[in-house]
Amino acid sequence: MDHARPITRAWVIHPEIDGANRARDPALALEEAVALAHALPDIDVVGADTVRLRKPDAGRLFGKGKLEELHQAMEAAEVELVLVDGPVTPVQQRNLEKAWGVKLLDRTGLILEIFSDRAATREGVLQVEMAALSYQRTRLVRAWTHLERQRGGLGFVGGPGETQIEADRRAIDDQLVRLRRQLEKVAKTRTLHRAARAKVPFPVVALVGYTNAGKSTLFNRLTGADVMAKDMLFATLDPTMRRVNLPEGGPEVILSDTVGFISDLPTELVAAFRATLEEVLSADLICHVRDISHPETVSQSRDVATILESLGVSDKTPQIEIWNKIDRLPEDARAAAVTQAARQEDVIAISAISGQGLSDLISAIGDKLSDVTHLTEVHLRFAEGRKRAWLFEKELVEAETQTEDGFDLTVRWTARQEARFRAL
């Protein structure tokens with residue numbers, strides 16, 4: 001039973017390294033790390049620190065004095081798990097666990113734990129498993145002393161009491177090969193699904209954004225779907241797709257909600273989640289949702305742009321920028337944001353919670369999609385000659401075959417042209 005799972009007392013440390021050219025505010029970085037920790041089930045964050053380091057110690061990350069000071073604080077708080085918001089080498093990890101008598105996860109390990117807890121689809125589970133194995137491989141067969149959890153979801157996360165993984169590199173490599181094969185199979189069926197969907201005459205609109213920007217709340221608002229929309233980092237991991245008739249005469253679209261992006265996402269995870277973001281690559285329109293009330297909204301926006309670029313999203317794909325959470329701004333700042341957004345092309349200020357600005361967003365989506373074309377298979381009976389003539393006159397027909405009772409046509413058109421045709 002879930003409620004019987006033990007609560008793990010955790011301490012979060014954000015190492016601030018001198019001269020590491022950090023554009024981010026250390027206090028906000030620590031806040032994000034704590035939010036990450038809260039995204040794991042059964043974690044009670046009992047302490048959090050930013051630790052300034054002139055130079056990281058090769059063996060233990062922290063200097064002697066700091067090490068002892070932290071140890072005393074953790075002992076007093078009965079800490080069982082330490083989360084370090086940054087990379088920790090296998091040697092540092094082993095030495096710190098020994099010195100403090102705790103389990104330790106670095107940023108990659110923590111994100112992997114969250115991913116493995118959240119992945120819902122077959123593909124998501126395989127992705128996480130592969131990412132975890134590649135990470136583990138770099139740990140040189142270190143025993144992964146994990147958070148014990150009832151969920152025996154992944155092969156590498158042992159059940160309760162099972163803390164050792166005795167796997168050498170060859171075993172890991174064999175497993176990786178096997179997983180890659182399974183993933184290819186899954187990806188193939190996904191391609192088939194996508195091909196089937198290409199025949200569906202609806203454009204795909206993908207919601208992207210920094211984690212916690214409010215994408216899932218907006219998705220739910222537009223679709224009436226109950227996607228997990230907790231105020232929590234990484235609440236969505238698998239692309240969720242819904243067919244939506246946009247209100248107020250907007251077009252019918254397929255709306256896709258994607259995993260939240262995050263700064264400094266470890267490289268092995270970016271690779272692992274490329275397929276999770278495949279939907280974005282085939283989208284007809286990308287809606288970039290920003291939390292405009294966040295103090296670092298500008299750098300978050302840059303992070304999202306960088307990840308989209310690294311995924312290979314084309315410049316040609318139309319985009320709308322959505323300034324969400326205006327309800328969290330003080331009244332004068334809110335009015336200023338709405339005015340500023342209105343002055344810019346393809347920027348809409350909204351509150352997914354209160355609904356403010358949603359009708360502007362819907363009409364913006366409609367406008368953007370009015371020029372996007374899609375393929376549809378159309379069957380016309382012999383008696384529908386007028387409709388057939390109209391399609392040829394507008395040069396919309398890509399292929400045609402005659403059948404016993406009429407014609408099967410492949411038509412490429414915009415949503416507006418299709419609506420006009422249906423009204424004939």
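Things to note:
- LYS55 being over 20 Å from LEU36 (Cα atoms), among the basic types (Lys, Arg) and in contact with an Asp or Glu (Cβ under 9 Å, 6 or more places away or on another chain): yes
- Exactly one residue out of GLU16, GLU78 is outside the structural domain of ASN212 (by TED's automatic domain parsing), assigned to a loop (DSSP other than H, G, I, E, B) and in contact with a Lys or Arg (Cβ under 6 Å, 6 or more places away or on another chain): that is GLU78.
- Residues in segment 176-215 that are at pLDDT 85 or above, closer than 24 Å to GLU309 by Cβ and not in a strand (DSSP E or B): 3 in all.
- From the list LEU269, LEU358, the lone residue that is touching a helix residue (DSSP H, G or I) at 6+ places or on another chain (Cβ under 6 Å) and modelled with pLDDT under 95 is LEU269.
- Close contacts from segment 401-419, counting a first residue that is of a type in the set (Phe, Trp, Tyr) and a second that is modelled with pLDDT of 90 or more and part of a strand (DSSP E or B), with Cβ to Cβ under 8 Å and a gap of 6+ residues or different chains, come to PHE407/HIS379; PHE407/LEU380; PHE407/GLU400; PHE407/THR401.
- Residue list for segment 336-347, restricted to those being surrounded by 13 or more Cβ atoms within 10 Å (Cβ to Cβ) and more than 20 Å from LEU207 (Cα to Cα): ALA336, ALA337, VAL338, GLN340
So that you can scan it fast, the table gives a plain yes or no per residue for (1) of a type in the set (D, E, K, R); (2) touching a Pro at 6+ places or on another chain (Cβ under 7 Å); (3) within 17 Å of ALA48 (Cα to Cα):
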position: ARG60; (1), (2), (3): yes, no, no
position: GLY63; (1), (2), (3): no, no, no
position: THR108; (1), (2), (3): no, yes, no
position: GLY124; (1), (2), (3): no, no, no
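- Residue in segment 326-335 that is buried (at least 17 other Cβ atoms within 10 Å of the Cβ), basic (Lys, Arg) and either closer than 28 Å to ASN220 by Cβ or in the same structural domain as PHE219 (by TED's automatic domain parsing) (or both) present: yes
- Test: residue in segment 326-338 that is under 23 Å from LEU369 (Cβ atoms) and at pLDDT 90 or above: no
- Enumeration of residues in segment 307-342 that are farther than 14 Å from VAL289 by Cβ and in a loop (DSSP other than H, G, I, E, B): GLY312, VAL313, SER314, ASP315, LYS316, THR317, PRO318, LEU329, PRO330
So that you can scan it fast, the table gives a plain yes or no per residue for (1) at negative phi; (2) more than 33 Å from the chain's Cα centre (by Cα); (3) in a helix (DSSP H, G or I); (4) not basic (Lys, Arg):
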{"position": "ALA33", "(1), (2), (3), (4)": "yes, no, yes, yes"}
{"position": "LEU40", "(1), (2), (3), (4)": "yes, no, no, yes"}
{"position": "VAL46", "(1), (2), (3), (4)": "yes, no, no, yes"}
{"position": "ARG52", "(1), (2), (3), (4)": "yes, no, no, no"}
{"position": "GLY59", "(1), (2), (3), (4)": "yes, yes, no, yes"}
{"position": "ALA73", "(1), (2), (3), (4)": "yes, yes, yes, yes"}
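- Test: residue in segment 72-87 that is farther than 25 Å from ARG9 by Cα and either modelled with pLDDT of 85 or more or crowded, with 20+ Cβ neighbours inside 10 Å (or both): no
- Subset of segment 216-233 [of a type in the set (Gly, Ala, Ser), buried (at least 19 other Cβ atoms within 10 Å of the Cβ) and modelled with pLDDT under 80]: ALA229
The values are calculated or read from the model by the stated rules, or taken from the named source; none is laboratory data. All figures in this text were calculated on a predicted structure; none of them were measured in a lab. Positions of Cβ are generated from backbone atoms using ideal geometry, with glycine treated the same way; all protein chains shown enter the neighbour counts.
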